[in-house]
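What follows is one structure encoded as structure tokens, with my remarks underneath.
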Amino acid sequence: MKESEIDSNRFGFKVAKTDGIKLRNSTYHEIKESGFKLIIARVDLNDIDLINKMEDIGFKIKDIQTTYKHNLDNINFTSSFSNQPSLIIREFNLSDTDALVNLAKSSFNNYGHYFKNEKLNKRKCLEIYEDWAYNTCTNSDFSDKILVACDNDVVIGYLSFKIHNKFSIKKYAAGGMGAVDSKYRGMNIFSEILKAGLVWSSNQNLNWCEHNVLINNISVNKSMINAGFKPNKPVVTMHLNIE
Ligand SMILES: CC(C)(COP(=O)(O)OP(=O)(O)OC[C@H]1O[C@@H](n2cnc3c(N)ncnc32)[C@H](O)[C@@H]1OP(=O)(O)O)[C@@H](O)C(=O)NCCC(=O)NCCS
């Protein structure tokens, strides 16, 4: 288990993150000794034995995610925006920061595993997304590329990417955060941003592009399939609150 300083600072008590593997033979009382008040575990969904052991300890499921992967073969798209000339996808400019932070705030309220933990302050849960969006826009540790969709120069969607293993032969781009303005959903905007991200990844000579999504977020799963991504690596996020 490793302390998540960013989460500890935000919530005001010690938070740890783990893949759960070393907790297989632990008890609640042993974990309590560690001094952490919240343990967030992201566990391989294929390891049902481990998940059941964690349930016995008191961990509760908070979300299930899968990674969608695209191997970057056959990157040859025609944009479905061609009959809607006001819509474009372009590179992010620093002056888009406020628009992206606001879009994250309105899109991720009540979204994801933190919000599903009734012990966590909801305002602080939303701040996670707000800060994450701000860091994505301003800090290269968070993203190497952001693509934004605009309608007549107004930002209506975005998706960020981070390159991993930059100096290895297995380098790839992983999605960071992305959303589309609620007024523009269901118009294939996100699928188009995903495809533009594939073109960018291919031009960077990456080996693949991947994105993590919640399996019950049907629209984002459909967007991935529309853009030719294939699912793999399902994981479950579990929380243990320690009194
Ligand atoms: C997920 C999200 C980015 C999708 O953006 P979008 O531009 O509306 O996606 P698309 O228009 O490409 O829609 C993809 C598909 O989902 C469908 N869809 C859209 N909303 C839907 C809903 N509420 N229920 C079921 N299907 C839905 C679309 O009709 C389309 O289906 P099709 O392929 O059969 O035509 C957007 O809903 C959003 O910003 N949600 C909140 C933030 C979020 O979830 N971000 C992603 C986190 S990983």
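The values are calculated or read from the model by the stated rules, or taken from the named source; none is laboratory data. Predicted, not measured: the structure shown is a model, and the values here were computed from it. Don't worry about glycine lacking a Cβ; one is built from the backbone with ideal geometry, like all the others, and counts go over all protein chains shown. Only protein heavy atoms, including side chains, enter the accessible area calculation; ligands, DNA and RNA are left aside. Shrake-Rupley method; radii C 1.70, N 1.55, O 1.52, S 1.80 Å.
Brief remarks follow.
- Condition broken by Gly58, with the remaining ones in (1) in contact (Cβ under 8 Å) with a residue 60 or more places away in the chain; (2) open to solvent by 40 Å² or more (accessible area, probe 1.4 Å); (3) of a type outside the set (A, V, I, L, M, F, W, C); (4) not assigned by TED's automatic domain parsing to the domain that holds Ser223 satisfied: (2)
- Of all positions in the stretch 219-230, at least one carries a residue that is at pLDDT 95 or above, more than 13 Å from the ligand (Cβ to nearest atom) and over 21 Å from Ser140 (Cβ atoms).
- Within the stretch 108-130, the set of residues being surrounded by 12 or more Cβ atoms within 10 Å (Cβ to Cβ), outside any loop (DSSP other than H, G, I, E, B) and away from the ligand (no atom under 15 Å from the Cβ) comprises Lys122, Lys124, Glu127.
- Residue pairs meeting the criteria (Cβ under 6 Å; at least 6 apart or on separate chains; first in the same structural domain as Asp153 (by TED's automatic domain parsing) and near the ligand (Cβ under 8 Å from one of its atoms), in the stretch 181-207; second open to solvent by 30 Å² or more (accessible area, probe 1.4 Å) and of a type outside the set (A, V, I, L, M, F, W, C)): Asn188/Ser80; Ser191/Asn226
- When Ile31, Ile39, Ile61 are screened for being over 25 Å from the mean Cα position of the chain (by Cα) and modelled with pLDDT of 95 or more, only Ile31 passes.
- In this entry, Ile6 passes the filter for residues that are β-branched (Val, Ile, Thr) and open to solvent by 60 Å² or more (accessible area, probe 1.4 Å).
- Members of the stretch 9-21 that are within 18 Å of Asp56 (Cα to Cα) and either open to solvent by less than 70 Å² (accessible area, probe 1.4 Å) or at pLDDT below 95 (or both): Thr18, Gly20
- Restricting the stretch 150-169 to residues that are more than 10 Å from the ligand (Cβ to nearest atom) and hydroxyl-bearing (Ser, Thr, Tyr), the residue that is nearest to the chain's Cα centre (by Cα): Ser160
- Exclusive hit being within 15 Å of the chain's Cα centre (by Cα) and open to solvent by 20 Å² or more (accessible area, probe 1.4 Å), set Tyr134, Tyr172: Tyr134
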